[in-house]
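The values are calculated or read from the model by the stated rules, or taken from the named source; none is laboratory data. Computed from a predicted structure; not experimentally measured. Virtual Cβ from ideal backbone geometry, glycine too; neighbours counted across all protein chains shown. Heavy atoms of the whole protein, side chains included, go into the accessibility calculation; ligands, DNA and RNA do not. Shrake-Rupley method; radii C 1.70, N 1.55, O 1.52, S 1.80 Å.
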Amino acid sequence: MPPLAHEPGHLGRRRFILTLGGGLAGLALAESCDVRWPADEAAGPGWAPGLEERLNSTCLVCPSRCGIRGRAVDGRLVGIGGNQLHPLSRGGICPRGAAAVQTLYHPERLRTPLLRVGARGAGRWRSLTPNGALTFLADRLQQLRAAGRPEALAVLAGYCAGSMDAVWRQFLRAFGSPNYVADAYPDGTDAIMAAMHGIPQRPSYDLERAGLVLSFGAPLFEAWWSPLQAYVAFGRPGEERERHPRFIQVDTRFSRTAARAHEWVAVRPRTHAILALGIAYVLIKEERIDADFLARHVAGFDDWLDDRGTLQPGYRSLVLRHYRTEEVSAATGVPIERIVGLAKMVADRGPAVAVCGADVTQAPDGLPAGMAVHSLNVLTGNINRPGGVLFRDEPPLAALPPAALDAMTRRGLARSPVALPAPLGAPNARRLAEEIAATQASPVEVLLLYYANPLASSSDGATWTAALSRVPLVVSFSPFLDETTSQADLVIPDLLPAERWQDGPAPASYPYPVWGIARPLVTSPGGGRSTGDLILALAARLGGTVGASLPYVDFEALLKARARGLYDARRGMPFGDEFETEHQQQMQERGWWLASAPDFEAFWTALVERGGWVDPFYDHTDPTRLARTAGDRIELIPQQLRRQADGAEARDPYRFRTDDDRTADAFPLRLNPYRMSTLASGTVGLAPWLAERPTTFPEVHWIPWVEVHPMTARELGLGDGAMVWVVSIRGRYLAQMKHFAGAARDVVNAPYGLRHPDGTLANPLQLLDGATDPLTDLASWCTTFVRLERA
Amino acid sequence: MTDDARLKLRALPDDARKLLAPLVETTWRFRAAATVLGAIALWGLTAYYLQLRFGLGRTGLNQPEYWGIYIIDFVFFIGISHAGTLISAILRISKAEWRRSITRSAEFITVLVLGFGAIQPIIDLGRPDRLLNVFLHAQLRSPLLWDVISIGLYFGASTIYLYLPMLPDLAIIRDAGIKAPRFYRFLAAGYRDTPAQRARLERVIGVLAIVVIPIAVSVHTVIGWIFAMTLRPMWHSTIFGPYFVMGAIYSGIAAILIAMVVLRRAYGFHEYFRAVHFDYMGRLLLLFSLLWFYFTFAEYLTAFYGAEPAEMRTFWAKVRGPFAAPFWTMVTCCFVIPLALMCRRATRTPGGTLVAGVAVVIGMWLERFNIVVPTSVNPRFEFESLGHYLPSWVELSILAGTFAGFILLYMVATKFFPIISIWEMREGREASVREVAERVAGYLPPEPVAAD
Amino acid sequence: MPRWGMVIDLDRCTGCAACEVACKSENNIATVAPEQAALGRTISWMRVMAEVEGEFPNNTLRFAPRPCMHCDNPPCVKVCPVEATYISPEGIVGQIYPRCIGCRYCANACPYTVKYFNWYAPTWPESERAHLNPDVSVRPKGVIEKCTFCHHRLQKAREEARAEGRELRESDYQPACAEACPTRAIVFGDLDNPRHRVSELRHDPRAMRLMEDLGTEPKVYYLTPRT
Ligand SMILES: Nc1nc2c(c(=O)[nH]1)N[C@H]1C(S)=C(S)[C@@H](COP(=O)(O)OP(=O)(O)OC[C@H]3O[C@@H](n4cnc5c(=O)[nH]c(N)nc54)[C@H](O)[C@@H]3O)O[C@H]1N2
Ligand SMILES: Nc1nc2c(c(=O)[nH]1)N[C@H]1C(S)=C(S)[C@@H](COP(=O)(O)OP(=O)(O)OC[C@H]3O[C@@H](n4cnc5c(=O)[nH]c(N)nc54)[C@H](O)[C@@H]3O)O[C@H]1N2
Ligand code: SF4
Ligand code: SF4
Ligand code: SF4
Ligand code: SF4
Ligand code: SF4
Ligand SMILES: [Mo]
């Protein structure tokens, strides 16, 4: 606005009108600028009826890997629905799956390879041709081998279960590097199974046939391994009340899972395990345990004499000694009658399956806590039974050819990996960063990032910044310029899932092996190459051991070759409707098998058309699915743990601290990070549909928020909707205050992974205090205390 | 104005000279005020242009708060419009002699404000470009259409009702030749004030006065029905028709009072707007403040006593919730202040009535606000989140622009038309005294003839 | 003549909002900018309405996914001055976007607040216009819109059935929200056709309609949650 006249006296009329006019024009201009997106009345693409195509595929947005059906018109993907034939999802989808069309056409997605020209992170790039990028990368890798340092190549991958994982492993093995770190959503449940069953594998939960689903913090309806599996189990089993599993959610907050489960048991943070053992106490006291099962298959229940002849307390003694109902009630905040009621329900409404969420295991004593939860399944003998905890097989895919090795490869593979795993864990990204950042000369010279954005997703961004600065060549395959990708030297953007071939095996939580096929629903308008295809081409270009180990023209060919294993296995079937699937299952139960296709080509065609393969049969009689420990028994006090730990802990793993250091005055509130169902781990901005309404309650849009009990907020003088800083000793971030009566009085519920509309991350995980579970190396997510400050 | 015009003016009889003076003389104050008002109106127009260009998003409206300032203004202005025609018609029919100096200014308010009121719903439209659809696809079941019809009728009738009684005055101006001869010749339409013409005119005015009353009543009834025909809490009420009519007259009286005080001061019409006028109008205002209280009390008590949850949400929002401030201000402005001032003769003065009138106008605007907004933000569907409403600067500018535009036009009108009827004054002086004496005599038993 | 209606089983619904997003995708519903959303101008023909009641740790949730009720006696239709909202002979309450004058009277008249207004012209980033569904028109600024029971799907299904010379089957015409729902909480069909599941479900003892006392005769039924 032009300044108003300042001369004393009166304002000339002309002057006045001019000023006013100028002001109006200025205002008009300012106003028109705040139209955020270009206003276009008519929609672009022609509205004439186009050529329509519907294809089945697999959603790769989250680990659930549901069946989807894409609808393309004239080569544009206009909608994603469910695939009725997919055994896990049965035609259903979740909001993220449907919103994947918005990611596909995201305005910021990259289509051509970029080579950094300015300083790192300065945002100056030069476009490369796909071939140019391939040559550039191949040359650098050749140099590593020429220098005799193949182990200086490292790959950090996000969730890529299935053949992409196999390809990366094969590629690195043939190249000669042991440095593969895959963040395959470690939640510690595999460690629990390894410790107690000797089966280092994530458990499956037969939710659909359970009578009671007792979830300890597992966000079944939000961010579980497969929300769709939980939805189907919750919602589908017909009208008969009897077959309807009852869902009970033990949770620290009134999550959507808690709200929609049949019952919600509110517990204090870090006390899930105590409640589990409190239930065990009642079961033992009232002799509602499966004594027969315990006697035949379980060790460590009763006291026993060890090698040195001292009496060691068994699970029963430990529980009876420490988990009297009153004490449990006092610790967890759950009333005594409720605890007894829960135990009754577990006993009466069986099969009762206790599901352990990563939230239980993301704690300093996460592994034993998870064991405590799982011990309920053991007490009720609900292992390997319908409606219980199962250990299912992987789909019998044809293996990749054995990796060809030469002397240099062998030398490289013999070197110790940069990131060593914890005793019961897997190598993880944080360790990798710490090792790289620790020395001046980085042990990693070329770092490939696949589906990984550690600068944003790691709980320790600073270490990752330091680590990246030490690595001479950082390559990202992300189709988006996320935080880490912007710091890369070379970006070779992947195609998006709707444009590429990949496979999507169902997560372990689902009791039957499922192999979903993701296939292009549309062709990428900009050309481009999927990372899978690129790696195969890179292998061919490198030749030698690598070329020989990955002899596939493209990913589709690789998938087809692997599908041969399914065809030859003489079990399972291409996806079919509910009737067909049940029929096949009944046949297989009786030892029969129905061939679905006359030859492999027809089989492959059926797989692609129907979306994948499933074996709907589970062998409950197989003893190897119970325990593979030394004594073939399930160990309630695992020997392996005794070897790892020592002292009191080893004798009694079931003791928990709940008195986390609350730096009382400075940081009075416990941070309770959680993941929403609309967030797909991805740290890319949410699809607008989801950002607009990320949660069904409370009313929020776009802005990252924290939930605080209204009384707590009022005591702090923070109104609903105020912007606040969430501050811990480690850092702070900006969020909007939401009063929420479903939050405990002394916690801050903080959804993570959200971004502000301008793209800045609001990441509660970067506030974490850095505690970990020494056994699994999982970060502790609920021991951090914060305070709120008005922004 | 030219000296010639001044000379001609001076030659006129007393009433005409005084009442036509504003047509000839324009003070610098008038110009200054007009400039400021014009600027505000222009500002409002610019705001509307922005809204037109970008969409109703420029307002503070949202879901479920679909109606705001424009609809409030619509109801408010149409309410004010009951000032003139209706009141003047009632006074005319009831032969209230003190009306003579008041009717014209009141009728002008009606016609002008009606126009400004009628454009409010158009400003409020998402697609003003499709306005004609209202006729092309008219759906008579919709109360909005009833409104279009009754406002149309009312506008037509009021314009005629303003124009016809002005004919003799227009003829006077034409004959005096003080200003734009062709314009007044055209407007006066050959009226010569012959006794026959005068008689016919008075007959037509008499009929019009009767016709216009039901139309005016229908207008605000139908506006009340726009709300009452929905199922929204505290809108769905049978009292709304009469309540709106009563409120409209109330605000109309207040508007006339303000106009009287201002005109009296601005043009020195002290002899025309006399203490008695303010006294009588003040009594009317008093009557309506009581009526207002009665209606409001009945309305709120019914809602409160029935205690239907959906209604109670809105009820409490007004009485002690987020809308308590506008609600209690409304009660103060519509009831406490006018009652206190108008119940005593000592304050039924120009000053007192001005204060009361302004209070009532503000209060009645707030009443419309309190009807439209609290119900809008408290939807019946209990799952729907509560709305909120903060009018945007565009709405406030249009609001200001409308007020400014109306006042400006009214001011300009006083420059072209005598704002007090010359011939009615004259007629009053010549005929009424006798007529009233006869009429009063007619009320009484015949005087006994004195016995010898 | 069919009378299309919907039954939503609140016992199965998990509040996942797949129906919401599927509807947005199917019907080209515009996303609004963040500051517009903060003003309460988001559009969602289907919305999972939820209200948290009680105090920690005794909270309960009342909720309902809410499309247009397609009232048999629709108050919104009565008040429209230009008949831009109408009820079809098969009971689908529709909108004529090119005729609507944007007075929002219908929105005020709808007791279920299911009508949404285009405060601005819909805007999409260039690249995202690619996923617009060509079967559904994009609304201009200044008009009202709402759930249409995906009636473009009915037209298509009719044409297909006619081309194949057969009757319309229940599965031929399913709206996007019902299709997406992972728990099959949404059942859609002809309320008067005994072979359609809705006609049976609406007589379930758990069946109720929202604000039935208003006499709007909604054609969306809810099955109350069992506890
Ligand atoms: N929808 C969706 N599903 C996903 C993913 C996704 O991105 N989206 N990603 C996958 C990935 S990467 C992962 S790692 C998993 C993550 O799944 P989870 O590991 O289950 O993690 P969250 O969903 O964050 O769940 C954290 C929960 O822990 C609870 N909690 C907070 N404090 C405590 C405490 O003191 N003790 C206990 N026991 N619990 C507490 C919180 O209330 C919250 O409900 O989900 C997988 N599934
Ligand atoms: N802020 C935040 N931090 C987190 C989490 C969170 O949700 N929010 N979750 C935590 C958990 S549980 C985990 S497991 C880790 C996960 O953390 P990461 O393994 O880093 O995984 P994402 O954050 O999902 O990021 C993957 C990146 O992949 C890219 N990408 C997206 N689509 C494609 C594609 O089709 N192809 C390829 N090649 N790349 C693609 C995107 O750029 C995205 O930034 O993060 C942890 N930290
Ligand atoms: S649950 Fe996961 S895999 Fe399934 S549709 Fe949603 S995002 Fe896709
Ligand atoms: S999709 Fe189904 S389960 Fe999910 S919110 Fe909608 S109705 Fe409920
Ligand atoms: S729910 Fe509302 S919009 Fe839908 S038909 Fe009924 S009144 Fe009309
Ligand atoms: S907004 Fe449109 S559809 Fe609604 S009443 Fe007005 S003209 Fe009719
Ligand atoms: S019926 Fe169609 S338009 Fe209506 S809510 Fe469902 S998907 Fe949306
Ligand atoms: Mo994860």
**Rel. contact order, % - alpha carbon contacts under 8 angstrom, at least six apart, the range C:46-199** = 15 percent
**Rough spin-label spacing in nm, given labels placed 7 Å along Cα→Cβ, for B:Leu386 and A:Asp393** = 6.2 nm
**Request:** Provide the per residue accessible area, probe 1.4 Å, for the range C:4-223, rounded to a whole number of square angstrom.
**Result:** 30 Å²
**Asked** Taking K and R as +1 and D and E as -1, what net charge do the other residues with C-beta under 12 Å from the C-beta of A:Gly381 add up to?
**Response** +1
**Fill in**
Contact-by-burial set, the range B:140-156, min loss 50 Å², accessible area of protein heavy atoms with 1.4 Å probe, reference chain alone, gives B:Arg141, B:Leu144
**Request:** Pop out the carbon and sulfur fraction of the accessible area of chain A as a percent, whole number, probe 1.4 Å.
**Result:** 53 percent
**Message:** How high is the relative contact order of the range A:669-790? Use alpha-carbon pairs under 8 Å, at least six apart in sequence, and give a whole percent.
**Reply:** 35 percent
**Farthest positive-ward along the protein assembly as shown dipole, Cα basis, beta-carbon charges - from C:Ala130, C:Val7, B:Phe369** = B:Phe369
**Request:** Would you mind telling me the antiparallel percentage of the DSSP bridges in chain A, rounded to 5?
**Result:** 55 percent
**Item:** Modelled FRET efficiency - R0 41 Å, C:Thr60 with C:Ser137, Cβ distances, 0.05 increments
**Value:** 0.50
**Request:** Return, for the Cα atoms of chain B, the radius of gyration and Dmax in Å, separated by a comma.
**Result:** 23.6, 90
**Request:** Between A:Phe600 and A:Arg349, with labels modelled 7 Å along Cα→Cβ, what's the label distance in nm to one decimal, could you check?
**Result:** 5.0 nm
**Request:** Please give the per residue accessible area of chain B, computed with a probe of 1.4 Å over protein heavy atoms only, in Å².
**Result:** 42 Å²
**Message:** List the aspartates and glutamates whose Cα sits under 17 Å from the Cα of A:Lys344, skipping any in the same chain fewer than 8 residues away.
**Reply:** A:Glu263, A:Glu286, A:Glu287, A:Asp290, A:Glu326
**Prompt:** According to a simple spin-label model (label point 7 Å from Cα along Cα-to-Cβ), what is the distance in nm between A:Ala666 and A:Ile729?
**Reply:** 0.7 nm
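Sorting check: for A:440-446, B:289-295, C:116-122, which peptide has the highest mean count of neighbouring beta carbons within 10 Å, and how do the rest follow?
Values: A:440-446: 17.3, B:289-295: 19.0, C:116-122: 23.6.
Highest to lowest by the protection proxy: C:116-122, B:289-295, A:440-446.
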**Request:** Find the relative contact order for the range B:17-426 and round it to a whole percent, using C-alpha pairs within less than 8 Å whose residues are 6+ positions apart.
**Result:** 32 percent
**Message:** Using a probe radius of 1.4 Å on heavy atoms only, what accessible surface per residue do you get for the range A:669-790? Whole Å² is fine.
**Reply:** 31 Å²
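Given Cβ point charges of +1 (Lys, Arg) and -1 (Asp, Glu) and nothing else, what value in debye, to the nearest 20, does the dipole of the range A:204-390 about its Cα centre take?
Working: 21 positive and 22 negative charges, 73 e Å.
Taking the Cα centre of the range A:204-390 as origin, the dipole is about 360 debye.
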**Request:** Let me see the pair-distance distribution of the protein assembly as shown: every alpha carbon pair, 10 Å bin width, integer percents in order.
**Result:** 1, 7, 13, 17, 17, 13, 10, 8, 6, 4, 2, 1, 0, 0, 0, 0
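Return the subset of C:Lys24/C:Lys115; C:Lys141/C:Lys219; C:Lys24/C:Lys78; B:Lys8/B:Lys179; A:Lys738/C:Lys146; B:Lys18/B:Lys415 for which the Cα-Cα distance in this structure is over 20 Å, preserving the input order. Intermediate values should be presented prior to the final figure.
Numbers: C:Lys24/C:Lys115 14 Å; C:Lys141/C:Lys219 29 Å; C:Lys24/C:Lys78 27 Å; B:Lys8/B:Lys179 10 Å; A:Lys738/C:Lys146 29 Å; B:Lys18/B:Lys415 13 Å.
Cα-Cα > 20 Å for C:Lys141/C:Lys219; C:Lys24/C:Lys78; A:Lys738/C:Lys146; rest within.
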**Request:** Apply 1/(1 + (r/R0)^6) to the Cβ-Cβ distance of C:Glu212 and B:Phe304, taking R0 = 22 Å, and write down the FRET efficiency to the nearest 0.05.
**Result:** 0.30
**Request:** Give me the number: length gained by fully extending A:Arg410 to A:Arg657, i.e. 0.36 nm times residue separation minus the C-alpha to C-alpha distance, one decimal in nm.
**Result:** 84.3 nm
**Prompt:** Taking only the alpha-carbon positions of chain C and ignoring solvent, what does the Debye formula give for the base-10 log of I(q)/I(0) at q = 0.07, 0.08, 0.09 Å⁻¹?
**Reply:** -0.23, -0.30, -0.38
**Item:** Estimated translational D of chain A in µm²/s (Stokes, Kirkwood radius over Cα pairs; 37 °C; 0.692 mPa s)
**Value:** 116 µm²/s
**Asked** Other chains' Cβ within 10 Å of B:127-136 residues: what's the mean?
**Response** 5
**Fill in**
The farthest towards the positive end of the charge dipole of chain A, of the residues A:Val282, A:Gly132, A:Gly314, given +1 on Cβ of Lys and Arg and -1 on Cβ of Asp and Glu, is A:Gly132
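Return the value, in Å² to the nearest 100, of accessible area buried between chains C and A (probe 1.4 Å, both sides summed). Before the final figure, lay out each step's value.
Details: alone 12110 and 33040 Å², together 39400 Å².
In total, this chain pair buries about 5700 Å².
About the Cα centre of the range B:17-426, how large is the charge dipole given +1 on each Lys and Arg Cβ and -1 on each Asp and Glu Cβ? Please answer in debye to the nearest 20. Before the final figure, lay out the partial values.
On the way: 37 positive and 22 negative charges, 299 e Å.
With Lys and Arg at +1 and Asp and Glu at -1, about 1440 debye.
As a check on your grasp of the helix formula, calculate [θ] at 222 nm for chain A: sum -39500 (n - 2.57) over DSSP H runs of n ≥ 4, divide by the residue count, round to the nearest 500. The partial results should precede the final answer.
Working: 29 runs with 264 residues, N = 791.
Per the formula, -9500 deg cm²/dmol.
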**Request:** Please give every one of the aspartates and glutamates within straight-line cross-link reach of C:Lys156, meaning a C-alpha to C-alpha distance under 17 Å, and leave out same-chain neighbours fewer than 8 residues apart.
**Result:** A:Glu52, A:Glu53, C:Glu26, C:Glu90, C:Asp135, C:Glu164, C:Glu167, C:Glu170, C:Asp172, C:Glu179, C:Asp190
**Item:** R0 of 45 Å, Cβ-Cβ distance A:Ala630-A:Arg570: FRET efficiency to nearest 0.05
**Value:** 0.85
**Request:** Leaving ligands, DNA and RNA out of it, report the carbon-plus-sulfur percent of the accessible area of the range C:4-223 at a 1.4 Å probe.
**Result:** 51 percent
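About the Cα centre of the protein assembly as shown, what is the dipole size in debye to 20, counting +1 per Lys and Arg Cβ and -1 per Asp and Glu Cβ, all else neutral?
My answer is approximately 4120 debye.
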**Asked** Given the protein chains as shown and a 1.4 Å probe, how many square angstrom of A:Tyr205 are accessible, to the nearest 10?
**Response** 10 Å²
